[in-house]
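Only one structure is covered here, and it is reproduced in the block below.
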Amino acid sequence: MGATQEEGKMATEGGGCCLRPFSCEQGLLSRPDGSAAFLQGDTSVLVGLYGPAEVKVSKELPDRAALEVLLRPKVGLSGVIERSREQLLRRTCEAVVLGVLHPRTAITLVLQVLSDAGSLLSCCLNAACMGMLDAGLPLSSLFCGVTCAIDLNGVIVLDPTTQQEQEARAVLTFAIDSTEKKVLTATTKGSCSVVEMQQCLAAAQHAADTIFQFYRDSIQRRYSKS
Amino acid sequence: RRRFPRLRTVEPLEYYRRFLKENCRPDGRELGEFRATTVNIGSITTADGSALVKLGNTTVICGVKAELAAPAVDAANKGYIVPNVELPSLCSTRFRSGPPGEEAQAASQFIADVIENSQIIAKEDLCVANGKLAWVLYCDIICLDYDGNILDASAFALLAALKNVQLPSVTINEETGLSEVNLKQKNPLIIRKHPVATSFAIFDDTLLIVDPTAEEEDLATGTVTIVTDDEGRLCSVHKPGGSPLTGAKLQDCITRAVTRHKEVKKLIDKVIKSIKPK
């Protein structure tokens, strides 16, 4: 299966309310059932998906597929932060994957961080969704990840770089679902007021439209070619 | 009211739905009601600060030990706070003995994030001598009885234990350059903010119930934890996957969390006041 590459951009609306140029490549690995590489600016994550496949008896669930996520950092061994992110990604994917269609099976996602230039968690979320699309898993909805940073002046910056994240007062990452734009996952760093959180959420839901359009275009382009 | 014990074992979700329809839960609580919270401060005399928190049956103990170490090169005036949450096989059959599982590690990361986000302690306050000596606070949070809502209990235990910490005064001898610790002269730790965690379980994609028990957590389709501080600011919105929520539902959670913060703050202040000075 040949790899397909797609690029997307969000129209600049002024200030920090736009996403960095992002692109995605699907089907680039031959062994996994699904694979994708998602690039957001200079941040890139590669994901390989295996499943639904044979499961160990100790891990098997009688009525649904058992999902496992492994996140490997760019440098060093996996630590507590990776475990915490793995739990977050796993529970996000469990919410959308129709696991009841494949009971007593295992679905494994392996994510490898290729480069980290800010907004890593949202890049992982986007890569995971594209990987699941490539593998053809049954999903109840799609999701996308958006990171917002609130800088010291209270300005909201979407898809921040590493420097913007470090200088920010708070960094919020949301996973938005595609059917009703509800919040699937939320995680915050730093402290912010309730009003600011709601503003970030609104900005993330707006930015999610662009990403979902990109998913649609890239799948359409892929299947119209072959 | 009949209890349906067989239904509870065979169809737990159906059993719960019957109660939720009446806007209450099997243990008699309302959907927005917390379990009885008790806190006991200073019970471990070998630790520099300790607290035992019980949220219903969930029992969590936190012990803080202070040690001296050299500060990091890029943060010469800052000390360290190192939290660690342990879920030993003692507290529940779901945990096996051995290396920490995913839940324990995720909980440790959550507590580390709460400490970092809320700035509960200014790390500069832990510095003894710039570039040479600083305090390291090892916060060990151990669950003794797991009945759900471990994050709220751990955060509460940590806050209470830190309020109890007394650091001995340290002087650096000019001539020898060595540190001298005076155990007779102790100063309490300066707690700048009081972060309080409030957890919710999502049922059937729409219903939010506060302070879930272990049984409710297993049946839930998602969880949300909100950490607020004294001024009503959000220190953390922790929603790791699970059923999607609208912004409005999230706002309801935040409102309930702000109320809970006031209740917890009152409880901690009452306990601190009741401790007789040594």
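The values are calculated or read from the model by the stated rules, or taken from the named source; none is laboratory data. Nothing here was measured: the structure is a model prediction, and the numbers come from that model. Note that each Cβ is placed from the backbone with ideal geometry, even for glycine, and that neighbours are counted across all protein chains shown. What goes into the accessible areas is simple: the full protein's heavy atoms, side chains included, and nothing from ligands, DNA or RNA. Shrake-Rupley method; radii C 1.70, N 1.55, O 1.52, S 1.80 Å.
Just one of the listed residues (A:Leu121, A:Leu67) is in contact (Cβ under 8 Å) with a residue 40 or more places away in the chain, out of contact with any His (no Cβ under 8 Å at 6 or more places or on another chain) and within 24 Å of B:Pro83 (Cα to Cα), namely A:Leu121. Scanning the range B:92-115 for residues that are over 18 Å from the mean Cα position of the chain (by Cα) and of a type in the set (Ser, Thr, Tyr), which turns out farthest from the other protein chains (Cβ to nearest Cβ)? It comes out as B:Ser92. You will find that of A:Glu6, A:Glu60, the residue that is out of contact with any helix residue (DSSP H, G or I) (no Cβ under 9 Å at 6 or more places or on another chain) and at pLDDT below 95 is A:Glu60 and no other. Residues that are more than 10 Å from every other protein chain (Cβ to nearest Cβ), in contact (Cβ under 8 Å) with a residue 12 or more places away in the chain and not in a loop (DSSP other than H, G, I, E, B): does the range A:84-97 have at least one? Yes, the range A:84-97 contains a residue that is more than 10 Å from every other protein chain (Cβ to nearest Cβ), in contact (Cβ under 8 Å) with a residue 12 or more places away in the chain and not in a loop (DSSP other than H, G, I, E, B). For the range A:82-101, the set of residues classified as surrounded by 15 or more Cβ atoms within 10 Å (Cβ to Cβ) and hydrophobic (A, V, I, L, M, F, W, C) consists of A:Leu88, A:Leu89, A:Cys93, A:Ala95, A:Val96, A:Val97, listed by residue number.
Across the range B:27-53, the qualifying residues are those that are assigned to a strand (DSSP E or B) and open to solvent by less than 50 Å² (accessible area, probe 1.4 Å), and the one among them that is nearest to B:Leu133 (Cα to Cα) is B:Gly49.
Just to be sure, is B:Ala257 of a type outside the set (Ser, Thr, Tyr), open to solvent by less than 30 Å² (accessible area, probe 1.4 Å) and free of Cβ contacts under 8 Å to residues at least 40 places away in the same chain?
no
Looking only at the range B:98-126, which residues are of a type in the set (A, V, I, L, M, F, W, C) and farther than 24 Å from B:Asp230 by Cβ?
B:Ala104, B:Ala106
The residues on offer are B:Pro168, B:Pro244, B:Pro195, and the sole one that is touching a Leu at 6+ places or on another chain (Cβ under 9 Å), more than 22 Å from B:Leu55 (Cα to Cα) and surrounded by 17 or more Cβ atoms within 10 Å (Cβ to Cβ) is B:Pro244.
Being under 21 Å from the mean Cα position of the chain (by Cα) and within 11 Å of chain A (Cβ to nearest Cβ) narrows it down to one of B:Pro240, B:Pro212, so name that one.
Working: B:Pro212 fails: within 11 Å of chain A (Cβ to nearest Cβ).
Going through B:Pro240, B:Pro212 in turn, the sole match is B:Pro240.
Residue count for the range B:81-99, restricted to those that are within 23 Å of B:Ala66 (Cα to Cα), open to solvent by 20 Å² or more (accessible area, probe 1.4 Å) and either free of Cβ contacts under 8 Å to residues at least 24 places away in the same chain or β-branched (Val, Ile, Thr) (or both): 2.
Could you list, in sequence order, the residues of the range B:54-76 that are in a loop (DSSP other than H, G, I, E, B) and open to solvent by 60 Å² or more (accessible area, probe 1.4 Å)?
B:Asn57, B:Ala70, B:Val73, B:Asp74
Looking across the range A:179-226 at every residue that is facing chain B (nearest Cβ under 10 Å) and in a loop (DSSP other than H, G, I, E, B), the one that is surrounded by the fewest Cβ atoms within 10 Å (Cβ to Cβ) is identified as A:Glu180.
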